[in-house]
Amino acid sequence: MSRRFRHEISVGVFVVAAAAILGAMSLKISRARVRDGVDVSFLFTHACGLVKDSPVAAAGVEVGYVTGLALRDGKALVRARVSASAGLRNDISAVIRHKSLLGEPYLEIVPSGSSAPPLRDGDLVTATAAPIQVDQAVARLGRLLERTDPEAVAGLLNALARDPEAAARLVGNADALAGRLSALDAEALRKFVRELRIHARLF
C-alpha cells in the first residue's frame, strides 16, 4: 500500500469522524434547547421516513425533535418533544416536509395564530398531512391512465389546437376554479368534494 493511498484513507476517516462528532454535538445542542419542552403526539397516515431524532420545526426554526414512532389503528403515531418557549397552541397543524428533493424529512408545525390554550404534555395533534408517496402517485396515475380513452384525449387536444381562444378560456376557467377553491373553508371544501363524488357516481 503506497504512502499516498494511506494518506487518502486517513483523510477520509478523519472527515467521517468529524462529521459524526459535529452531528452528535448539534443533536445535543438541539436537545438542550428543548429541556423546557412538552411531549406531544402527531397522528399521520404515513411517517414518510421520519425517524427518532428527526427535527421538528415551526416557521423554519427548529423547535424540537422526534422522540419515537408507533403504529396506532393503522396510522403512524409520531411522538415529539417541542419547546414550550415557542409559544405554540394546541390547535396547531403539522405536515411532513423534506429539506430538499432528496433531503431528510422533518416535521413542520404550522402555528394557528389563535388564542387557544398552549400545548401541554400528552396533547394529540390530528390535523396533519403527509406528502404522497412516489409509489402511490405512480399507482394512482396508472389507474387514471387505464380509465382514460386515448382517442378522447387526442380529440380534445386537437380541438383546443384548432381553437386557441377555447384553450385560453379553459385555462382561465381552471384558474378561476382554483381561486374559488382556495377561498373555501375546510368544511365547505369537504362538502364540495362530497358533491363531486356523488355526481361521479351518477355518471
When you go through (1) under 16 Å from Phe42 (Cα atoms); (2) surrounded by 18 or more Cβ atoms within 10 Å (Cβ to Cβ); (3) out of contact with any Asp or Glu (no Cβ under 9 Å at 6 or more places or on another chain) one by one for Ala80, which number turns out not to apply?
(3)
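The rows are residues; the columns are (1) in a helix (DSSP H, G or I); (2) of a type in the set (Lys, Arg); (3) modelled with pLDDT under 65.
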site: Pro131; (1), (2), (3): no, no, no
site: Leu141; (1), (2), (3): yes, no, yes
site: Val153; (1), (2), (3): yes, no, no
site: Gly179; (1), (2), (3): yes, no, yes
site: Ser182; (1), (2), (3): yes, no, yes
site: Leu189; (1), (2), (3): yes, no, yes
site: Val193; (1), (2), (3): yes, no, yes
site: Arg201; (1), (2), (3): yes, yes, yes
Identify the residue in segment 33-51 that is over 17 Å from the mean Cα position of the chain (by Cα) and surrounded by fewer than 18 Cβ atoms within 10 Å (Cβ to Cβ) and, among all such residues, is nearest to Pro111 (Cα to Cα).
Asp39
Test Gly103 against the criterion of being of a type in the set (Gly, Ala, Ser) and modelled with pLDDT of 95 or more, and give yes or no.
no
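So which residues in segment 42-53 are within 15 Å of Ala130 (Cα to Cα) and not β-branched (Val, Ile, Thr), if there are any at all?
Phe42, Leu43, Phe44, His46, Ala47, Cys48, Gly49, Leu50
The values are calculated or read from the model by the stated rules, or taken from the named source; none is laboratory data. Remember, it's a predicted structure, so these values are computed and weren't measured experimentally. Virtual Cβ from ideal backbone geometry, glycine too; neighbours counted across all protein chains shown.
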